[in-house]
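Visitor: Can you keep this structure in mind? I'll have questions shortly.
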Amino acid sequence: MKLRNGVAILGMAVVLAGCGAHSHMLTKDSAPQLLKGEFSHGQTNRLTLESADRQYEATGFTVEKHMNWAELSRRYRGTDPKHWDRIFAGHDKDHETYSAEAKAVAKDGAELNCRLAWPSGKNPQGICSDKAGKEFAVRFD
């Protein structure tokens, strides 16, 4: 693993280590069983979700940054070198996507396994599922 400017580089995915903190609140168009929640990433990664009878929490999970370097190189390097230089230098964020997988646990041991993804500049969203396989859509502002 290499560290460059506070970012751990792991093949095609990058684990964010030094970005500023971002906090997102659960939106009303999420699964109605989930009454409120918050997803924070950056300095500390934390996911909380609350149903009528449980509060779930996950901490310590990673948020990964993804870029398809092979496709970006094929598409821009020879045809639009200025755009390629901006992408390669990290100035063009339009080609970045992020993802996180978190296991949120309630005090009684109940678990929600959550998978979130979002393009740069957009809001996180995804699916959480319980041990029985029931899925809950989650969207954050």
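Visitor: Here are the criteria: (1) within 21 Å of Pro124 (Cβ to Cβ); (2) open to solvent by 70 Å² or more (accessible area, probe 1.4 Å). Tell me which single one Arg74 does not satisfy.
Guide: (1)
Visitor: Which one is farthest from Thr44 (Cα to Cα) among residues in segment 93-108 that are at pLDDT 95 or above and open to solvent by 90 Å² or more (accessible area, probe 1.4 Å)?
Guide: Of everything passing the filter in segment 93-108, Asp108 is farthest from Thr44 (Cα to Cα).
Visitor: Further, regarding this structure: Look through Ser99, Ser120, Ser129 and report the one residue that is in contact with a helix residue (DSSP H, G or I) (Cβ under 9 Å, 6 or more places away or on another chain) and hydroxyl-bearing (Ser, Thr, Tyr).
Guide: One residue alone meets the criteria, Ser120.
Visitor: For segment 109-128, give me the residue count where each residue is open to solvent by less than 30 Å² (accessible area, probe 1.4 Å) and either part of a loop (DSSP other than H, G, I, E, B) or within 17 Å of Asp29 (Cα to Cα) (or both).
Guide: Narrowing segment 109-128 to residues open to solvent by less than 30 Å² (accessible area, probe 1.4 Å): 110, 112, 114, 116, 118, 124, 126, 128.
Within this subset, residues satisfying the condition of being either part of a loop (DSSP other than H, G, I, E, B) or within 17 Å of Asp29 (Cα to Cα) (or both) are 110, 114, 116, 118, 124, 126, 128.
The qualifying residues number 7.
Visitor: Taking only segment 34-52 into account, find how many residues are open to solvent by 80 Å² or more (accessible area, probe 1.4 Å), over 19 Å from Ser99 (Cα atoms) and either among the aliphatic types (A, V, I, L, M) or at pLDDT below 95 (or both).
Guide: 2
The values are calculated or read from the model by the stated rules, or taken from the named source; none is laboratory data. Please read these numbers as outputs of a predicted model, since none were measured by experiment. Virtual Cβ from ideal backbone geometry, glycine too; neighbours counted across all protein chains shown. Calculation scope for accessible area: heavy atoms of the full protein, side chains included, ligands and nucleic acids excluded. Shrake-Rupley method; radii C 1.70, N 1.55, O 1.52, S 1.80 Å.
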